[in-house]
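The structure appears below as structure tokens.
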Amino acid sequence: MVKIKFDDEPSGSGTLVNSNNNKPPIKSTTKSPIKTTQKRVYYQEENDNDEDATVNDTHETHSKKARRKASKNVDFALRAKMLETRQALPIWTGRDGLIDAVRNHEVVVVLGETGSGKTTQLPQFLLESGLTKQKIGVTQPRRVAAMSLAQRVSTETGTQCGSLVGYSVRFDDKSWKGTRLKYLTDGMLMRELLSDALLSQYGVVMIDEAHERTLRTDLIIGTLKSIMERRKAASMDPLKVVIMSATLDAEKFSHFFNNAPVLYVKGRQHPVTIYNSSEDLQDYLDASLKTILQIHQSAPLPGDILVFLPGQEEIQTLGASLKLYADNNTLKCDLNILQLYASLSPSQQQKVFEQTPENTRKVILSTNVAETSITIAGVKHVIDTGLARERKFYTSNGGVGIDTLFVKPISKSAAMQRAGRAGRESAGNCYRLYTEKTFLGLSNTTSPEIERTNLNFAILQLKAISEKTYEEFEWLDTPSTEAIQQANMSLYGLGALDCDGCITELGRRIAGMPLDPAIAKMLLSASSGGCVSNILSLCALLSVDSPIYTSTTNEGDDNTRERFASRHGDHIALLNIWNAYQDVVKAGTIVDVKEWCQSNKLSQRTLRRAKDIRGQLEHQCKKEGMDVELSTTDEELILKCVLEGMFQNVALRQGDGTYRQIVNQQLVKIHPTSCLLQRKAPCIMYNELTLTTATYARTVSSIHPAWLRTISFYNQRSSA
């Protein structure tokens, strides 16, 4: 095997070293990088493992009585033991100062380095101080972080997760009205705003990982500023806001909240030696494999390896290649290959947190989900491909854009975060599969999601929760006029907005669904079509993040896909898969289900996840008064309901076999994995467009052009 060449060999000095110029790309500073007259408060804090939480499978439910009982059951011995651990942290000496800062200011910005413990300790400080009798909410951009943090803090408080401390993530809520400290995804806080516009149950809202600038986080930050003013005007208890960031961008947040004070929480990062490759490596999967094996053969145990890859597909590809070597008995010890990405089940995610057995090296193949918030014990080596998969929405004049995922270089900030994961417990190494010159050319930070995403969700949520128009709304970064106009046009076509741009009753119902607006409209249209059960299943399958097929192409599995194919296209094919899966689940054993999935090259994990999502959506539909048992065998009727949400995603066949969109006249092709690829459907609808070597339509079905006459959007266009 060809060895990957890095610029320098390990120095072994025990200090933070950059392999080229000895300037540490990750460092701690006791000087404020922000020029402002605000007084800075500094806290020195050793590296800690307070975020090394494990995630348990959390689909159990609690009755109100059981949760009330659990909230009173405190393991005082465990709490005392954990208190000793917490008090040993240097952040404890700054406890009173942190509490006073929050008590004396409406908004506080906390700049805490990776490993500082701000996410677990500061919420507990505020809870224990009696600062508020209301809830304390801590938002996270990722569900795995919200769940793991709640588990850890529950352990530290000696209580059962879901009682005093709980969490709330999409399709999984482990909290109740008596929960005082709640970790939740930013999306779930947005949903709570729909029913409680002033967040009246909260006394403190903490926005963690604010530097990631997710769409929902930006919306929440702007909304919180308005809520504070409205609560004050209504003589309500004040809302305290804490913005927590791990990178040096606190000035923007401080200025947004009228020069709010910035507190620096300093962590003690163990030395991390950075190695850059001597040349940029084009085949990053091959380079990752070789680097893993080089480390494994030369580095002593213990010392686990964390590899950052762009996405799930790359993780699975590298995992399969690495397994071939792991099965080779010539390796000096066992390799335990694990995967980590957002759509894995909680029980699968938990495995990366488990202690590594003796004479074993753990290799974790992860997306950027492992960059922040969670700590994986035992990691001493990080391999950074320098790449991430990012979603980009390209707007168009006709009201339909192209939403695509593509691989792009990460930012300097992300590279530093990745390297820092090797130094959480002891000195470590980071191997960057790109040159120092490439690193220096990276952007400083990742662009805000609001600048590169479809705004349908954001505009609809804003209309539903805010008294202000999007022009009056205070954004951290204002989205483009084109993106806002496109969102308004799409929402108007869905019936979510009226001709004056005001939210309709249907729009409020759509906003209340934990779904993309177009898919929510499909579901809400199913009652009149008499196919609620069918559309429920389809919505669940379309909402799963992971692929249903374990193969990404038709090669070698044409017969497998043909078993479920429909002349109508992919939507009915998905329902065929679902119905067949349900039949096997009802009639067979766990082994039978596993074998059936394997023989049909279907992901059992994805189908299980879809089942969980369907259950949650069914509960939501019952709250809407819908009959969830309504079902039909009329496939055209099902597709007409799908068209209610996907009306803009329609194209007509051209003479050369391509398709031209009706709305903006763009040419598209049917994706090679579609069961309609070889058919000559005159008119198609699709769920999404992806941009690679061409613009491809995915999840495609054949429809009759005459159906468009029933869609008000097209009637209005023709009359105009």
Only four residue types carry charge here, +1 at the Cβ of Lys and Arg and -1 at the Cβ of Asp and Glu. Report the dipole size of the chain about the Cα centre in Debye, rounded to the nearest 20.
1080
Order of His571, His619, His105 under a 10 Å beta carbon neighbour criterion, fewest first
His619, His105, His571
Counting other beta carbons within 10 Å of each residue's own, what order do Arg660, Arg509, Arg143, Arg609 fall into, fewest first?
Arg660, Arg509, Arg609, Arg143
In the chain, if the dipole is taken from +1 on Lys/Arg beta carbons and -1 on Asp/Glu beta carbons about the Cα centre, which of His568, His671, Leu524 is farthest to the positive end?
Leu524
Suppose the Debye formula is applied to equal point scatterers at every Cα of the chain; what is log10 I(q)/I(0) at q = 0.05, 0.06, 0.08, 0.11 Å⁻¹?
-0.25, -0.37, -0.67, -1.31
Using only alpha carbon pairs under 8 Å that are at least six residues apart, calculate the relative contact order of the chain and give it in whole percent.
13
Reference-scaled alpha-carbon Rg (2.2 N^0.38 Å with N residues) for the range 513-645
1.04
Could you please rank Val153, Val663, placing first whichever residue has the fewest other Cβ atoms within 10 Å of its Cβ?
Val663, Val153
Whole angstrom only: what separates the Cα centroid of the range 198-252 from the Cα centroid of the range 643-683?
43
On the formula 1/(1 + (r/R0)^6), with r taken between the Cβ atoms of Asn559 and Ala587 and R0 of 25 Å, the FRET efficiency rounded to 0.05 is 0.65
What is the dipole size for the range 90-221, taken about its Cα centre, with +1 at each Lys and Arg Cβ and -1 at each Asp and Glu Cβ, in debye to the nearest 20?
360
Could you sort the peptides 487-497, 574-584, 462-472 by per-residue average Cβ neighbour count (10 Å cutoff), highest mean leading?
487-497, 574-584, 462-472
Could you state the number of Å between the C-alpha centres of the range 332-404 and the range 571-635?
27
Options Gln598, Gln124, Gly428, ranked by Cα towards positive dipole end of the chain, top entry (Cβ charges)
Gln124
Just how large is the dipole of the range 513-645 about the Cα centre, in debye to the nearest 20, putting +1 at every Lys and Arg Cβ and -1 at every Asp and Glu Cβ?
360
When 1/r is averaged over all different Cα pairs and the result inverted, which Kirkwood radius in Å belongs to the range 70-228?
16.0
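Each reported figure results from applying straightforward, stated rules to the coordinates on display, with no laboratory input. Predicted, not measured: the structure shown is a model, and the values here were computed from it. Reconstructed Cβ throughout: ideal geometry from the backbone, glycine too, with neighbour counts over all protein chains shown.
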